[in-house]
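The values are calculated or read from the model by the stated rules, or taken from the named source; none is laboratory data. All values derive from a computational prediction rather than experimental measurement. Methodologically, a virtual Cβ is constructed for each residue, glycine included, from the backbone with ideal geometry; neighbour enumeration extends over all protein chains shown. Areas reflect the complete protein model, heavy atoms only, side chains present, ligands, DNA and RNA absent. Shrake-Rupley method; radii C 1.70, N 1.55, O 1.52, S 1.80 Å.
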Amino acid sequence: MIDQNQPVSPVSGRSPWPNLALFLVGLALLSVSGSMLDVTFNNFLNDVHHLNADQRGMLEFPRELPGFLTAFLLAGLVFLAETRVAAVAACAIGLGILGLAWSGSSWAYMLAGLLLMSTGQHLIMPVRSSIAMDLASGAATRGQRLGQVNSCTAAASVVGYGLVWALLAWVGSRYHLVFTVAALCAMAGGITLFFMRMPGAHLVRPRLVWNWSYRLYYLLAFFFGARKQIFLTFGPWVLIKIFHQPAILFAKLMMISALLAILFQPVLGRAIDRLGERRVLMADAVVTFLVCVGYACAHWLGTPWLALGMLCSCFVLDQLFMGTGMARDIYLSKIAVRREDVSPTLSMGVTINHVVSMSIPTLGGLIWVWYGHEWVFFAAAALALVMLFFTNRIRVPEAGIA
């Protein structure tokens, strides 16, 4: 539970509760929207645009291009407070999804909507973490606050998955209806975020930050981009192309993941505060390795229901441990030279992880076509071991910025 009688925010000098309430409502609406899209997007590409594995991989280049440009886009919006950036980004997400909803089978219109939506999604990534940490009562509770925020968004995601489940059962695969509801939720989230008032929300901040002392954070962001993109692109594709599963299965899996995350994310946040970022990120690397091996080997089990059960378990486990990304953000906040460095450095991290996000799916798609899907995940398992080595090098000073 969130304590309304907590100490004042170190940024604004006031009780964080009014802004925290608006922030949680705005993010909850965005989570409903995002969950509805996550469940149906891969099936939409398969059913409407009939993509194969290498085409699906290549589509990630334009989809992730706004992520690569995040640092520069955020620098261009330096005249806006972070809360305003979040509101603008949420509205862009809604308009982009609306474009997807009514693009029909047009490839060009679909790409235009996808680019606008992706721009909004990537703009909100760094400012979301930065605002959430500003709404904590101090450095020692940042993990707890991020865990609470993630738990709230997970609960909202359950609503989104339930809506998709109901809509697919009621109207079938009419993706334009699902996307329209998702777009309206995102725009409502943007309007809610617009009403936040945080005078200290980094209105004055550097345009771009590249600091050698943050090099390990940049490296971790790079590896996270590879880890994220392999599962985002090819995890669902295994279930769709190899095991021929419909969108409603993803609604069920995402709902299970979100229900578990409601409890898991606050525990994860407290674990970061108590055990430290290094141990939590090392555990994530080990779990990533095991999930990769599961995806690679499931089809060799022989029994279809056993193979599908393993894949579904891997899918849920991966979804849960995606939340460990907040450990990287907290690590940065503790090593940051200045508070104002946090948001632009987070955005630089998004840009760096999208350098690999734009290339990995294309390479993975070609490996899938030439050698089989299992080799995509064996390569990812090797990458997880490299990630384990570098996460073990994390060292945090005795006291970060307040």
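Return the FRET efficiency for the residue pair LEU290, PHE79: r is the Cβ-Cβ distance, R0 is 41 Å, and the value is rounded to the nearest 0.05.
Values: r = 46 Å, r/R0 = 1.12.
After rounding, the FRET efficiency stands at 0.35.
Which residue, ILE330, ILE242, ILE272, tops the fluctuation ranking in a GNM of the chain built on C-alpha contacts under 10 Å?
The residue that fluctuates most here is ILE242.
Is segment 288-402 best put as rounded, prolate or oblate by its Cα gyration tensor, with a ≥ b ≥ c the root eigenvalues, rounded for a/c under 1.5, and otherwise prolate when a/b is larger than b/c, oblate when not?
Working: a/c = 2.89, a/b = 2.05, b/c = 1.41.
Prolate shape, in that a/c is at least 1.5 and a/b is the bigger ratio.
Cut-off 10 angstrom, C-alpha nodes, Gaussian network model of the chain. Which of VAL178, VAL39, VAL337 fluctuates the most?
VAL337
Please give the per residue accessible area of the chain, computed with a probe of 1.4 Å over protein heavy atoms only, in Å². Let's see the in-between values first.
Working: 15950 Å² over 402 residues.
With all protein chains present, the chain gives 40 Å² per residue.
For the chain, what is the calculated [θ] at 222 nm in deg cm²/dmol (nearest 500), taking -39500 (n - 2.57) for each run of four or more DSSP H residues and dividing by its residue count?
On the way: 14 runs with 304 residues, N = 402.
Roughly -26500 deg cm²/dmol at 222 nm, from the helical runs in the chain.
According to a simple spin-label model (label point 7 Å from Cα along Cα-to-Cβ), what is the distance in nm between LEU115 and VAL369?
2.3
Would you mind putting 219-226, 368-375 in packing order, based on average other-beta-carbon counts within 10 Å, highest first? Write out the running numbers ahead of the final one.
Details: 219-226: 22.5, 368-375: 15.8.
Ranking, from highest mean packing down: 219-226, 368-375.
With all protein chains present, how much of the accessible area of segment 300-402 (probe radius 1.4 Å) comes from carbon and sulfur, to the nearest whole percent? The partial results should precede the final answer.
Working: 3000 of 4440 Å².
Carbon and sulfur together cover 68 percent of it.
Taking springs between alpha-carbon atoms closer than 10 angstrom, which of GLN121, GLN55, GLN144 fluctuates most in the Gaussian network model of the chain?
The residue that fluctuates most here is GLN55.
For Cα pairs less than 8 Å apart in space and 6+ apart in sequence, what is the mean separation divided by the residue count of the chain, i.e. the relative contact order in percent? Could you put the intermediate results ahead of the total?
On the way: 672 pairs, mean separation 117.4, N = 402.
Reported relative contact order: 29 percent.
All other residues with a Cβ under 12 Å from the Cβ of ARG278 taken together, and with Lys, Arg as +1 and Asp, Glu as -1, what is their net charge? If you can, show how the numbers build up before the last one.
Working: positive: ARG279, ARG328, LYS334, ARG393, ARG395; negative: GLU277, ASP284.
Value of the local net charge: +3.
List the lysines whose Cα lies under 21 Å from the Cα of LYS241, skipping any in the same chain that are fewer than 8 positions away.
Reachable lysines: LYS228, LYS252.
Between LEU260 and ARG338, with labels modelled 7 Å along Cα→Cβ, what's the label distance in nm to one decimal, could you check?
It is 4.3 nm.
Work out Dmax and Rg for the chain from the C-alpha atoms and quote the Rg first, both in angstrom.
Cα only, the chain: 20.0, 61 Å (Rg, Dmax).
Please list, in order, the residues from segment 153-195 whose amide nitrogen is less than 18 Å from a point placed 7 Å along the Cα→Cβ vector of HIS49.
Flagged as within label range: 174-180, 183.
What helices does the chain have that are whole DSSP H segments, at least 20 Å long along their own axis by Cα, and with mean Kyte-Doolittle hydropathy of 0.5 or more? Intermediate results must be reported in sequence, preceding the final value.
Working: long enough: 17-48 (44 Å, 1.05); 53-68 (22 Å, -0.63); 82-101 (28 Å, 1.61); 107-134 (41 Å, 0.81); 142-171 (43 Å, 0.71); 175-194 (29 Å, 1.74); 215-237 (33 Å, 0.62); 247-275 (39 Å, 1.53); 277-297 (30 Å, 1.20); 304-321 (26 Å, 1.49); 342-371 (42 Å, 1.01); 373-391 (27 Å, 1.77).
The qualifying helices are 17-48, 82-101, 107-134, 142-171, 175-194, 215-237, 247-275, 277-297, 304-321, 342-371, 373-391.
Between PHE61 and LEU219, what FRET efficiency comes out of the Förster formula 1/(1 + (r/R0)^6) with R0 = 22 Å and r the beta carbon distance, rounded to 0.05? Working shown, then result.
Values: r = 23 Å, r/R0 = 1.02.
Efficiency, from the Cβ-Cβ distance: 0.45.
Subtract the Cα-Cα distance of HIS176 and TRP102 from 0.36 nm times their separation in residues, and report this length gain in nm to one decimal. If you can, show how the numbers build up before the last one.
On the way: separation 74, 0.36 × 74 = 26.64 nm, distance 0.61 nm.
Difference between extended and current length: 26.0 nm.
Determine, from the Cβ-Cβ distance of ARG395 and TRP210 and an R0 of 30 Å, the FRET efficiency 1/(1 + (r/R0)^6), rounded to the nearest 0.05. Kindly include the intermediate steps, with their values, before the conclusion.
Numbers: r = 21 Å, r/R0 = 0.69.
Result of the calculation: an efficiency of 0.90.
Counting only protein heavy atoms and a 1.4 Å probe, tell me what percentage of segment 31-151's accessible area is made up of carbon and sulfur.
69
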